[in-house]
Amino acid sequence: MTSCAHYSPYAPPSRSRASAPAPTMWTPDEIAQLCYKHYEIRLPKQGKPEPNREWTLLAAVVKIQFPIYEASDTPDKPVHVTKEVVSMGTGTKCIGQSKMRKSGDILNDSHAEVIARRSFQRYLLYQLQLAATLNKESIFVPGTQRGLWKLRPNLLFVFFSSHTPCGDASIIPMLEFEEQPCCPVIRDQDSSLSLEDSGNVKTPENERKHEDPDGPVTKKMRLEPGTPARFFTNGTAQHGKQDSGSFASGVRGSNLTVERLADVACGAPRSATVVDIYRTGAKCVPGEAEDLRKPGAAYHQVGLLRVKPGRGDRTCSMSCSDKMARWNVLGCQGALLMHFLEEPIYLSAVVIGKCPYSQEVMQRALIGRCQNVLALPKGYGVQELKIQQSDLLFEQSRCAVQTKRADSPGRLVPCGAAISWAAVPEQPLDVTANGFPQGTTKKGIGSLQARSRISKVELFRSFQKLLSSISEDKWPDSLRLQKLDTYQEHKEAASAYQEAWSALRKQAFASWIRNPPDYHQFK
Ligand SMILES: [Zn+2]
């Protein structure tokens, strides 16, 4: 998709590799629209929600390509930019700890954001292959050191998600006496104050356990579409739809409740009172402070690491808020790909679809918690991620389906499948359920057909294939000078990445749950 935009006065994305500040070249609505269209046209029916009965979540990475800004260009000169979806993911589920496998052939975490990111890694591997072995046009150009590559300077990546990521970014204050800008809050059997469209967040059973008999009466309200909410809003969205810079100092590892936080930091007008918060199904990790679980806004504590909920079984997967915060420091390429890259690959912006949203909460969750992390290796840094919201609703979101289906019989449920799509020529699609390709039988598990293309083992396979197609004298030092065998050894050998990860853990994410090393010993 090519379009025309005008230079705008705003600061560029943090990477200023271009010779002059990169202009703002897209709007949140354009990004959302492009992703919704891609979903509609390029994704198969298989794996999509069943109409009127199921919903899902959508995430994607969009590549923005722009001409290098010339100093002689006038600020209002139109700039032609190309926007292209390079990876996409749908999904709402996460497997429990007991289902994890040491062979790397199951997807532990199938939330849309994570599927989109793993699909993005597949895309990056393919682009490296183009550059390193096929001498074809690629997003990568040779770096300064042997065997290393870097992104072309006129590219950046925008992450789209149809919803606020689960975990910390979803703990949004609801203010009294404001117009409701988005979807109504509907409370019935399978929807609660949890705004995460997380598949396995709540069963009526565990929800009852959490429900506080003293909770605000307003919780019981059912708001119909179009009804102005007198008691509910989507939090502080209206106060901060524009980038409001970072307010994060002092929030990290905080003991603040949402109510106090909204008071001190969110810039909520004095007349607005926090009456409640949207809740997250993600639980605090052991070693962190606990949620207070008090009525209303004092239910959660903010700024904490959280684990995704699983069905009956505890999961080892960190919430999407936590993972995205990590990508903002370490890049979203992961450890393996760093063997071939001169710098990590950062996202320049995150765009969220129409849903309950708070600018301040997003800033805190994705940037603020890591803001003060120091002493990162060369090339790494906490990015000034631009965070914006679109006004366009994803048609298959819980909210949209709920409104459309009106009083259709039966329960509205999250779609159990996850779709991965990557801009690669061979088999771009991959539809999974419970972490395996859809249709995999119990007997089939363990076979080659029963591996998702974005599973650890398959991404490792692609990595090895790339390496073997490059002549050894052109390998990067990190791979040429030592003999590496297992997946774990390859990851550990990405030394700058590991150093950055260790600094991030020490300074901000000490209780991050890591998979035990024996889950990474496959070859
Ligand atoms: Zn999530």
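Below are the figures for this structure:
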| item | result |
| --- | --- |
| Residue in the range 109-128 that is at pLDDT 95 or above, outside any helix (DSSP H, G or I) and over 19 Å from the mean Cα position of the chain (by Cα) present | no |
| Of all residues making up the range 489-523, the number that are assigned to a loop (DSSP other than H, G, I, E, B) and either without any contact (Cβ under 8 Å) to a residue 12 or more places away in the chain or of a type outside the set (Phe, Trp, Tyr) (or both) | 11 |
| Answer from Ser502, Ser462 - the residue that is modelled with pLDDT of 95 or more and either touching a strand residue (DSSP E or B) at 6+ places or on another chain (Cβ under 6 Å) or over 30 Å from Met88 (Cβ atoms) (or both) | Ser502 |
| Flag if Phe140 is surrounded by 15 or more Cβ atoms within 10 Å (Cβ to Cβ), more than 16 Å from Pro437 (Cα to Cα) and in contact with a helix residue (DSSP H, G or I) (Cβ under 9 Å, 6 or more places away or on another chain) | yes |
| Boolean, Lys308 is of a type in the set (Lys, Arg), at pLDDT below 95 and either touching a Cys at 6+ places or on another chain (Cβ under 9 Å) or within 16 Å of the ligand (Cβ to nearest atom) (or both) | yes |
| Among residues of the range 105-129, those that are away from the ligand (no atom under 13 Å from the Cβ) and either buried (at least 24 other Cβ atoms within 10 Å of the Cβ) or farther than 21 Å from Gly310 by Cβ (or both), counted | 13 |
| Residue check for Met338: within 16 Å of the ligand (Cβ to nearest atom) and either surrounded by 24 or more Cβ atoms within 10 Å (Cβ to Cβ) or charged (D, E, K, R) (or both) | no |
| Every residue from the range 465-488 that is in contact with a Lys or Arg (Cβ under 9 Å, 6 or more places away or on another chain), outside any loop (DSSP other than H, G, I, E, B) and within 27 Å of Ser420 (Cα to Cα) | Tyr487 |
| Any pair with Cβ under 6 angstrom, 6 or more apart, that starts in the range 313-324 at a residue that is farther than 16 Å from Arg364 by Cβ and ends at one that is within 9 Å of the ligand (Cβ to nearest atom) and not in a loop (DSSP other than H, G, I, E, B) | Thr315/Cys94; Ser317/Cys94; Ser317/Asp109 |
| Residue match in the range 314-324 (condition: more than 23 Å from Cys94 (Cα to Cα) and either more than 16 Å from the ligand (Cβ to nearest atom) or surrounded by fewer than 24 Cβ atoms within 10 Å (Cβ to Cβ) (or both)) | no |
| Complete set of residues in the range 80-103 that are in a loop (DSSP other than H, G, I, E, B) and buried (at least 23 other Cβ atoms within 10 Å of the Cβ) | Gly91, Ile95 |
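Listed here are the residues, each with its yes/no results for (1) at pLDDT below 85; (2) within 16 Å of the ligand (Cβ to nearest atom); (3) under 25 Å from Phe159 (Cβ atoms); (4) crowded, with 23+ Cβ neighbours inside 10 Å.
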| residue | (1), (2), (3), (4) |
| --- | --- |
| Gly250 | yes, no, no, no |
| Ala298 | yes, no, no, no |
| Leu304 | no, yes, yes, yes |
| Gly312 | yes, no, no, no |
| Ser348 | no, no, yes, no |
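The values are calculated or read from the model by the stated rules, or taken from the named source; none is laboratory data. Owing to the predicted nature of the structure, the values given are computational and were not obtained by experimental measurement. Glycine also receives a Cβ, built like all others from the backbone with ideal geometry; neighbour counts cover every protein chain displayed.
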